[in-house]
Each structure stands twice: as structure tokens, then as C-alpha cells.
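Read through the structure below, which is laid out as C-alpha cells, and then see the notes.
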Amino acid sequence: MKRGRLFILSGPSGVGKGTIRTRLFEKVAGLVYSISCTTRRPREGEIDGVQYRFLDDTTFDSYVSENHFLEWARVHDHRYGTLREDVEAQLSAGNPVVLEIDVQGALQVKEKMPESVMIFILPPSLRELEKRLFGRGTEEKEMVRTRLRNAEAELALSGQYDYAVVNDQVERAASELAEIFMKEMNRS
Ligand code: ADP
Ligand code: 5GP
């Protein structure tokens, strides 16, 4: 069985990763989304096991010490991690897997799995990013500021990625992303 390809999507909070990923999954059949673990609290409407596996600190600690994570990182004051076994099982079954993770986690994965495809989602401008983050209305003002501060550090690392896609318009960006996926899936 041919191993599936591993795709990593990163980009600052509020850039539209979740939005264009949803369109990507409608355009490209057979992609598997890796559901991350996090210690942050669920937002309104988020369901445990759907958007994330919501863990308390003690459980997260035990997963770290038992080496369950392919990668994990502290992002915006909380911890987030990808479960190794889930990803491995899907890749071994030949399925393409999508991780939506931050830059620290992405670099950890690339080191362990250099054949993975790293794609960075860029905002058209920092001003537009701010507008989207405030517009989404899911975080307190202070948390939005933290996320905007972190955005600049994340953007500085975008040059380490294999591809960069500007999310100017959802449909255009999702089409560009779908083309990258098709190209890379045919290559393997
Ligand atoms: P992320 O997953 O990167 O944190 P979201 O997908 O939650 O970002 O998008 C953040 C906000 O920006 C949402 O309110 C979403 O509807 C909006 N958004 C996403 N893409 C665009 C776009 N191309 N133009 C305008 N608004 C967008
Ligand atoms: P949010 O709290 O808005 O859902 O996500 C905040 C940030 O955490 C995003 O930039 C997202 O990419 C990142 N993130 C989500 N899951 C993971 C993960 O499993 N590992 C790492 N390193 N980052 C993650």
C-alpha cells in the first residue's frame, strides 16, 4: 500500500485557515483532517472530538510524557498537539492527512517527516487580519491582541514553507490550495 502524503497548513490566527480548509475538503476528495488536542476551552458551538479534543492540563501532561504527540507546542497561552498514532494509521492506510498547526509544530513535523508538504496561508495585509480576527468575535479583546502580536513572529517564518497562499478571496485561495494538493498527491 502506497503511503499517504502529509500536508501541513499554517498561518496566523484569523487568516481564514478553517474557512478555506472547508472549501478545500469539498474540492479534493479523500482528505483526512487530523483533529488536534488542546488545553484551551471550547468556543461556543465547538464539540469535543469534532474541532478539537479538549483536554485538561493533567491529561495533556500525561500524553506528553507517554510520547503520544507527533508534535506539540504552546500557542497563545495554551497547548496544542497532534496525536502520532492517528496520523500514522491514516498515512499507512494510504490516506492524505491534513494538519492545521502552528509554525513551531510544523517545523517539528518537517524534521521528523521531511517528505511532508508545508503550506503557509498569508493575509492580504496585517490590517485585514486584524479586521477578520475582531470580526469573528470569538476572543476577548486582549486575546485578539495576543494573537495579532504572535502573527508577526509567525509571518517571519513563512519563508521556511514549501508554498505560500494569500487568502484574499476564499474561493480563489481554496482553488489555489486544491491545485497544490492535486499536484503533490500525484507526485507521490
Ligand atoms: P483561522 O482558522 O485561520 O483562525 P477562520 O477561518 O476562523 O480563521 O477565519 C477568520 C474570520 O475571517 C472568519 O470570520 C471568516 O469568516 C473570515 N474570513 C476567512 N476568509 C476570508 C476572506 N478571504 N475574506 C474575508 N473574510 C474571511
Ligand atoms: P485556535 O485556538 O484559533 O483554534 O488555534 C490557534 C492556533 O493553534 C492556530 O494557529 C492553529 O494552527 C494552532 N494549532 C491547532 N492545533 C494545533 C496542533 O495540534 N499543534 C500545534 N502546534 N498547533 C496547533
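The values are calculated or read from the model by the stated rules, or taken from the named source; none is laboratory data. None of these values were measured; they are calculated from a predicted model. As a convention, Cβ positions derive from the backbone with ideal geometry for all residues, glycine included, and neighbour counts pool all protein chains shown. For the accessible areas, the whole protein counts, side chains as well, though only heavy atoms, and no ligand, DNA or RNA atoms are used. Shrake-Rupley method; radii C 1.70, N 1.55, O 1.52, S 1.80 Å.
I'm trying to understand the selection: among the residues of segment 34-50, which are open to solvent by less than 60 Å² (accessible area, probe 1.4 Å) and farther than 19 Å from W72 by Cβ? Listed by number, the residues that qualify are R43, E46.
Determine if segment 80-93 includes at least one residue that is in a helix (DSSP H, G or I), farther than 22 Å from F25 by Cβ and basic (K, R). There is at least one residue in segment 80-93 that is in a helix (DSSP H, G or I), farther than 22 Å from F25 by Cβ and basic (K, R).
Report yes if M118 is closer than 30 Å to R84 by Cα, at pLDDT 95 or above, open to solvent by 70 Å² or more (accessible area, probe 1.4 Å) and among the aliphatic types (A, V, I, L, M), otherwise no. It would help to see each step written out before you state the result.
Values: closer than 30 Å to R84 by Cα: yes; at pLDDT 95 or above: yes; open to solvent by 70 Å² or more (accessible area, probe 1.4 Å): no; among the aliphatic types (A, V, I, L, M): yes.
When the stated conditions are applied, M118 does not pass them.
Kindly provide the set of residues from segment 105-120 that are touching a Leu at 6+ places or on another chain (Cβ under 9 Å) and either closer than 25 Å to E26 by Cβ or assigned to a helix (DSSP H, G or I) (or both), ordered by number.
Going through segment 105-120, the residues touching a Leu at 6+ places or on another chain (Cβ under 9 Å) turn out to be 105-109, 112-113, 115-120.
Within segment 105-120, G105, A106, L107, Q108, V109, K112, S116, V117, M118, I119, F120 qualify.
Applying the condition of being surrounded by fewer than 16 Cβ atoms within 10 Å (Cβ to Cβ) and basic (K, R) to segment 54-84 and asking which residue is farthest from ligand 1 (Cβ to nearest atom) yields R84.
Within segment 81-96, residues that are of a type in the set (A, V, I, L, M) have Cβ atoms under 6 Å from residues that are open to solvent by 30 Å² or more (accessible area, probe 1.4 Å) in these pairs: L83/H68; L91/R3, counting only partners at least 6 apart in sequence or on another chain.
Considering only segment 111-146, how many residues are among the hydrophobic types (A, V, I, L, M, F, W, C), away from ligand 2 (no atom under 15 Å from the Cβ) and under 30 Å from M185 (Cα atoms)? Don't jump to the end; show me each part of the working.
If we filter segment 111-146 for residues that are among the hydrophobic types (A, V, I, L, M, F, W, C), which is where we start, we get 113, 117-122, 126, 129, 133-134, 143-144.
Next cut, away from ligand 2 (no atom under 15 Å from the Cβ) only: 117, 126.
This time we only want the ones that are under 30 Å from M185 (Cα atoms), so: 117.
So the count comes out to 1.
The set of residues in segment 94-104 that are open to solvent by less than 20 Å² (accessible area, probe 1.4 Å) and in a helix (DSSP H, G or I) contains only V103.
The numbered conditions (1) more than 11 Å from ligand 1 (Cβ to nearest atom); (2) open to solvent by 60 Å² or more (accessible area, probe 1.4 Å) are all true for E171 except (1).
So, of the residues in segment 121-150 that are outside any helix (DSSP H, G or I) and in contact with a strand residue (DSSP E or B) (Cβ under 9 Å, 6 or more places away or on another chain), which turns out to be most open to solvent (accessible area, probe 1.4 Å)? Step through it out loud before you land on a result.
Filtering segment 121-150 down to residues outside any helix (DSSP H, G or I) leaves 121-125, 137-140.
Now narrow it down to the ones that are in contact with a strand residue (DSSP E or B) (Cβ under 9 Å, 6 or more places away or on another chain): 121-124.
Values: I121: 1, L122: 43, P123: 18, P124: 68 Å².
My answer is P124.
Selection of segment 166-188 for residues being hydrophobic (A, V, I, L, M, F, W, C) and touching a residue at least 60 places away in the same chain (Cβ under 8 Å) yields V170, A173, A174, L177, A178, I180, F181, M182, M185. Within segment 10-33, the only residue that satisfies the criterion of being within 12 Å of ligand 1 (Cβ to nearest atom), over 22 Å from R127 (Cα atoms), of a type outside the set (K, R) and surrounded by fewer than 20 Cβ atoms within 10 Å (Cβ to Cβ) is T22. Note on segment 85-106: residues that are of a type in the set (D, E) and farther than 16 Å from H68 by Cα total 2. Just checking, does segment 151-164 include any residue being open to solvent by less than 60 Å² (accessible area, probe 1.4 Å), outside any helix (DSSP H, G or I) and closer than 28 Å to E44 by Cα? Within segment 151-164 (the criterion being open to solvent by less than 60 Å² (accessible area, probe 1.4 Å), outside any helix (DSSP H, G or I) and closer than 28 Å to E44 by Cα), the answer is no, since none of the residues qualifies.
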